[in-house]
Amino acid sequence: MSDRRTLLKALAATSVLSAAGTPAAAAAVPARSGSGPAAAAGVPGIVKPLPPEHFVLRGTNAEARYETFRDTGLLTPADRFFVRNHTSTPVLDARDWRLTVWGDGLHGRKPVHFTYGQLRDLFPVTRTALIECAGNGRSLYTTQQGEPVSGTSWTLGAVGAARWRGARLSDLLRAAGLAPDAVDVMPRGLDDPYVTEGVDLGRVRRPLPVAKALDDVILAYEMNGEPLPYDHGFPVRLVVPAWVGIASIKWLGDIQVSRTPLSSPWSTDYYRLFGAAHPPGGSAPITRQTLKSAYELPFGATLEADRTHRLEGRAWSAHASVRKVEVSTDGGAHWRPARIVDRPAPDRWVRWTTQWRPRGTGPATLLSRVTDAAGNVQPERAVHNTQGYLFGAVVRHPVSVV
Ligand SMILES: Nc1nc2c(c(=O)[nH]1)N[C@H]1C(S)=C(S)[C@@H](COP(=O)(O)O)O[C@H]1N2
Ligand SMILES: [Mo]
């Protein structure tokens, strides 16, 4: 650890390498926006600066302040994107990086290696996708529903949208010799093994069914037109659209391919739904994210009475495009449509606005509710699970009118 800190400090002290506009050079070193030593940032394991106006630090993680998305567009800039690290960000060199694909799900049954250059030689694709932690909104189980949950107390900022460029996982698997009867792949990160309560669970990894792997998963090496930042998986991460964030393994090091189902603690102990409303051994491993909408306004914001306020928010669903957003400013008694600003599309969020002229003073509750094109609607309550995943209920947003 101390070696790593020294290394981070040394790197932070070096001036940013000028990429001189050549794609090869730009791809080799991610941008460093920091000025001071990385240690000043607040979370020792995170490389990028985490200014308090944009981030809330939570253990090894940094939550983006959701309300500040108001001054971002449809894409979340990399320096504003939340970081969820089980341990700490490894600072890797693309020149030494190798991806190993291995397992009995390959024709040859022999490991196949790819260098960074070989990965970049595969046909590149670009797509927008959200990455959202399965636990985003977790603290609302407690604050809104009075239910206890374990895990990082995210509010609403463990989500971001970016434009990812990379190779298709399907192309890589075919190049590696995927057998027709392979059922699961298991990507694994190069970050340190995760140790919790004295138990070493090994490196972060989680099985992914071959059907999803061949569908729309990419091995991303660019985020919003720049090389992936260190904290977001440099040199290569998986992006698994619409699925819980844990599927999108960062700092990808190897992928096991198997003819029999695979498992890891991230598919057995975590990322299943446990609790009274679920089967005794827990649900099946969770896959898709849920749907959400929320005002881009701090909780407890103060608004002046007898003035018209333009309120803004976002809405998204992992199941389908957003169809409509409704708002209520009287605690849910009356609903009216919000104005949707962006053209809805799968794997994207939309911004919406509404106007509100509060009359009396005192506390008020603002609500918003998204309906997607598949007919899913945010319910009044989310079904509790002990680890607080997939909070999809209507957010009750407290404000005070003065
Ligand atoms: N190797 C590795 N991959 C990982 C993680 C991790 O700790 N290690 N965290 C996962 C989780 S739980 C989430 S929500 C996303 C977060 O991605 P971000 O930090 O780029 O926002 O990365 C996932 N991929
Ligand atoms: Mo996560």
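Positive contributions from Lys and Arg (+1) and negative ones from Asp and Glu (-1), summed over other residues with Cβ under 12 Å from the Cβ of Gly392, come out at +2. Whole-Hz Karplus values for the range 322-330 come out as 6, 9, 8, 10, 10, 10, 9, 10, 10 Hz, taken residue by residue from phi with 6.51 cos²θ - 1.76 cosθ + 1.60 and θ = phi - 60°; glycine and proline positions read x.
Heavy-atom accessible surface of the chain, averaged per residue, reaches 43 Å², computed with a 1.4 Å probe. Per-residue 3J(HN,Hα) values for the range 106-111, derived from phi via the Karplus relation 6.51 cos²θ - 1.76 cosθ + 1.60 with θ = phi - 60°, read 9, 3, x, 6, 10, x Hz in sequence order (x marks Gly and Pro). A Cα-only calculation for the chain places Rg and Dmax at 21.7, 73 Å.
The modelled label-to-label distance between Glu226 and Ser283, using points 7 Å beyond Cα along the C-beta direction, is 3.6 nm.
In whole Hz and in residue order, list the ³J(HN,Hα) couplings for the range 379-392 that follow from phi through the Karplus curve 6.51 cos²θ - 1.76 cosθ + 1.60, θ = phi - 60°; x for Gly and Pro. With coefficients 6.51, -1.76 and 1.60, one gets x, 6, 10, 8, 6, 5, 9, 4, 9, x, 7, 6, 5, x Hz.
Considering only alpha-carbon pairs that sit under 8 angstrom and 6 or more positions apart, the relative contact order computed for the chain is 16 percent. The overall shape of the range 230-372 is prolate: from the C-alpha gyration tensor, with semi-axes ordered a ≥ b ≥ c, the ratio a/c is 1.5 or greater and a/b exceeds b/c.
Within the range 252-360, list the GluC sites (Glu not before Pro) lying in a DSSP loop whose Cβ has at most 16 other Cβ atoms in a 10 Å radius.
Taking the range 252-360 and a limit of 16 other Cβ atoms within 10 Å, the loop GluC sites (Glu not before Pro) found are Glu304.
Counting only Cβ charges, +1 for Lys and Arg and -1 for Asp and Glu, the dipole size of the range 291-401 around its Cα centre is about 200 debye.
When Rg and the Kirkwood Rh are both derived from Cα coordinates, the Rg/Rh ratio for the range 291-401 amounts to 0.98. Computed over neighbours whose Cβ is under 14 Å from that of Val377, the net charge equals +2, Lys and Arg +1, Asp and Glu -1.
When Rg and the Kirkwood radius Rh are both evaluated on Cα atoms of the range 78-125, their ratio Rg/Rh stands at 1.09.
Net charge dipole, the chain: roughly 540 debye, given to the nearest 20, about the Cα centre with Cβ charges of +1 for Lys and Arg and -1 for Asp and Glu.
Per residue, how big is the convex hull of the range 157-236 when only Cα atoms are used? Give it in Å³.
Expressed per residue, the convex hull around the Cα atoms of the range 157-236 is 134 Å³.
With a cut-off of 15 Å between beta carbons, the residues surrounding Leu303 carry a summed charge of -1, where Lys and Arg count +1 and Asp and Glu -1. The portion of the accessible surface of the chain made up by carbon and sulfur, rounded to a whole percent, is 53 (1.4 Å probe; DNA, RNA and ligands excluded).
Taken over the range 128-279, the alpha-carbon convex hull comes to 132 cubic angstrom per residue.
Classify the range 64-196 as rounded, prolate or oblate from the Cα gyration tensor: take a ≥ b ≥ c as the square roots of its eigenvalues, call it rounded if a/c is under 1.5, otherwise prolate when a/b beats b/c and oblate if not. Prolate, since a/c reaches 1.5 and a/b exceeds b/c. For Gly103, the residues 5 or more places off, or on other chains, whose built amide H falls under 5 Å of its own are Val257. When you filter the trypsin sites (Lys or Arg not before Pro) in the range 32-131 for DSSP loop state and at most 15 other Cβ atoms inside 10 Å of their Cβ, you are left with Arg95, Arg109. Residues whose amide H comes within less than 5 Å of that of Thr128, counting only those at least five positions distant or on another chain, are Trp164 (H built at 1.01 Å from N in the peptide plane).
When the helix-only estimate is applied to the chain (DSSP H runs of n ≥ 4, each -39,500 (n - 2.57), divided by the residue count), what is the mean residue ellipticity at 222 nm, nearest 500 deg cm²/dmol?
-3000 deg cm²/dmol
The values are calculated or read from the model by the stated rules, or taken from the named source; none is laboratory data. All figures in this text were calculated on a predicted structure; none of them were measured in a lab. Because the Cβ atoms are built from the backbone with ideal geometry, glycine has one as well, and the counts that use them run over all protein chains shown. Remember, those area values only see protein heavy atoms, side chains included, never the ligands or the DNA or RNA. Shrake-Rupley method; radii C 1.70, N 1.55, O 1.52, S 1.80 Å.
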